[in-house]
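Below is one structure, written out as structure tokens; the observations come after it.
The values are calculated or read from the model by the stated rules, or taken from the named source; none is laboratory data. Not measured: the values here are computed from a predicted model. Positions of Cβ are generated from backbone atoms using ideal geometry, with glycine treated the same way; all protein chains shown enter the neighbour counts. Accessible surface areas use protein heavy atoms only, side chains included; no ligands, DNA or RNA. Shrake-Rupley method; radii C 1.70, N 1.55, O 1.52, S 1.80 Å.
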Amino acid sequence: MTAVRSVPLGCGAYLPERIVTNEELAKKVDTTDEWIVARTGIKQRHIAADDELTSDLGIEASRRALDDAGMDPRDLDLIVMATATPDDTFPATATKVQAALGMTRGAAFDVQAVCSGFVFAVSVADNFIKAAQAENVLVIGAETFSRILDWEDRTTCVLFGDGAGAMVLSKGEGDGTTADRGVLTNHLHSDGRLRDMLYVDGGPSSTQTAGFLRMQGREVFRHAVDNISEVIHEALDATGLQISDIDWFIPHQANKRILDGTAKKIGLPADRLVVTVDKHANTSAASVPLALCDLKENNKLKQGDLLLLEAMGGGFTWGSSLIRW
Ligand code: ACO
């Protein structure tokens, strides 16, 4: 039996030049490097320059992903961009990326699922490809969370950073088994009842301002490991694969303790867990593709490797994707 598969052809990452270390942050807010490292594993974050927007980060990551894939932007049918920090309320930031890349046909739109955004965007792209509505899709996760942080709130401002990552998915054919290259399964969830645990206290319709991020950290932590573990098991159950089949676990990079806790709960050996949160903090929708690209840049990613992507974020939203590279 033949099956349409969304095959990853390449990826690209971009982090703004300016690095802010924990020590530098400790000069502005009442915190210490020791507290941040012990509670989160974060050592530094990248912060966008004043004139650098989410679209700029996304454009650079996209160019690198297209280069890596050997694809001309004019061959793209669709851009799906995950971001919770768009340049403007509208139009979609994806359309700015589209124009900058010189893509003059097809469609471009944003997806909003906060930290789970990239996994949601991969699922959207995969469904467009499987429905024969697109063949070549650019999936982007890009954020400037520094713009929605309350820099006087030490409980949140130490946790986040700016960045972007992108991946090219292209229509391929497999035999319908888990040996196929491409996206094998996606599982998405949300529960709007948990909105107050992680949200932004503003928006165009409510306050006519962008607002600031607010979070009940402990509650988020409590839900994270359970939700993530469950959605990972859904992906394994749907495919008949085992934890031992996973070559690389590429989680949303929120907090090293959440990553370690999840790996332990699902029984995944530490050497297959990709950790980059120390280098760029929580970059929301950008964190999964940033971790993916880090793996590739370090020459660890081989064709045929089985990747388990997962994320959880505001909403709550959470999801997983199994992809054979
Ligand atoms: N520096 C120093 N002290 C701090 C800081 C700081 N930056 N922030 C809080 N504290 C203090 C608190 O005031 C508190 O002091 P008190 O005991 O005198 O009241 C103490 O540290 C402990 O605070 P807690 O909030 O209980 O600390 P906790 O161990 O829960 O760690 C943290 C906080 C890191 C936010 C943790 O709850 C967490 O990681 N939660 C998950 C949040 C997350 O990752 N969100 C990202 C989005 S969702 C996602 O991506 C999965």
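Quick notes
- The condition of being in contact with a helix residue (DSSP H, G or I) (Cβ under 9 Å, 6 or more places away or on another chain) and within 16 Å of the ligand (Cβ to nearest atom) holds for Gln112.
- Some residue of the range 249-256 being more than 16 Å from the ligand (Cβ to nearest atom) and open to solvent by 20 Å² or more (accessible area, probe 1.4 Å): no
- Pairing each residue of the range 80-104 that is small (Gly, Ala, Ser) with any residue that is open to solvent by 50 Å² or more (accessible area, probe 1.4 Å), provided the two are 6+ apart or on different chains, yields C-beta distances under 8 Å for Ala82/Gln112; Ala84/Gln112; Ala92/Pro86; Ala92/Phe109; Ala94/Phe109; Gly102/Arg74.
- Pairs, first polar (S, T, N, Q) in the range 2-13, second surrounded by fewer than 18 Cβ atoms within 10 Å (Cβ to Cβ) and not in a strand (DSSP E or B), C-beta under 9 Å, six or more apart: Thr2/Asp175; Thr2/Gly176; Ser6/Asn127; Ser6/Lys130
Quick grid of which residues meet (1) small (Gly, Ala, Ser); (2) touching a Gly at 6+ places or on another chain (Cβ under 9 Å); (3) in the same structural domain as Ile36 (by TED's automatic domain parsing):
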residue	(1), (2), (3)
Ala224	yes, yes, no
Gln242	no, no, no
Pro251	no, no, no
Leu259	no, yes, no
Leu268	no, no, no
Asp278	no, yes, no
Asn299	no, no, no
Gly304	yes, no, no
Gly319	yes, no, no
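- Qualifying residue in the range 165-186 (condition: within 21 Å of Ala26 (Cα to Cα), among the β-branched types (Val, Ile, Thr) and in the same structural domain as Gly41 (by TED's automatic domain parsing)): no
- Subset of the range 16-45 [part of a loop (DSSP other than H, G, I, E, B), charged (D, E, K, R) and within 9 Å of the ligand (Cβ to nearest atom)]: Asp30
- Scanning the range 36-68 for residues that are touching a residue at least 60 places away in the same chain (Cβ under 8 Å), under 19 Å from Asn255 (Cβ atoms) and open to solvent by 60 Å² or more (accessible area, probe 1.4 Å) turns up Arg39, Lys43.
- Met71 meets all of the listed conditions (1) surrounded by fewer than 23 Cβ atoms within 10 Å (Cβ to Cβ); (2) assigned to a helix (DSSP H, G or I); (3) in contact with a strand residue (DSSP E or B) (Cβ under 6 Å, 6 or more places away or on another chain) but one, namely (2).
- Each residue in the range 271-296 was checked for being free of Cβ contacts under 8 Å to residues at least 40 places away in the same chain and within 19 Å of Ala65 (Cβ to Cβ), and 2 of them qualify.
- Selection status of Thr156, under 30 Å from Ala26 (Cα atoms) and either outside any strand (DSSP E or B) or in the same structural domain as Ala65 (by TED's automatic domain parsing) (or both): yes
- Flag if Gly163 is crowded, with 20+ Cβ neighbours inside 10 Å, within 28 Å of Gly102 (Cβ to Cβ) and within 16 Å of the ligand (Cβ to nearest atom): yes
- Every test in (1) away from the ligand (no atom under 16 Å from the Cβ); (2) over 12 Å from Thr54 (Cβ atoms) is passed by Arg154 save one, and that test is (1).
- If the condition is being more than 18 Å from Val122 (Cβ to Cβ) and among the small types (Gly, Ala, Ser), then the range 276-325 contributes Ala281, Gly304, Gly314.
- Counting only helices (runs of 4 or more DSSP H) that fall entirely inside the range 253-315 and contain at least 2 residues that are basic (Lys, Arg), the qualifying elements are 256-266.
- Some residue of the range 19-32 being within 29 Å of Thr185 (Cα to Cα) and not hydrophobic (A, V, I, L, M, F, W, C): no
- Ala100, sole failed condition from (1) more than 13 Å from the ligand (Cβ to nearest atom); (2) under 19 Å from the mean Cα position of the chain (by Cα); (3) part of a helix (DSSP H, G or I): (2)
- Residue check for Thr95: assigned by TED's automatic domain parsing to the domain that holds Leu149, of a type in the set (S, T, N, Q) and assigned to a helix (DSSP H, G or I): yes
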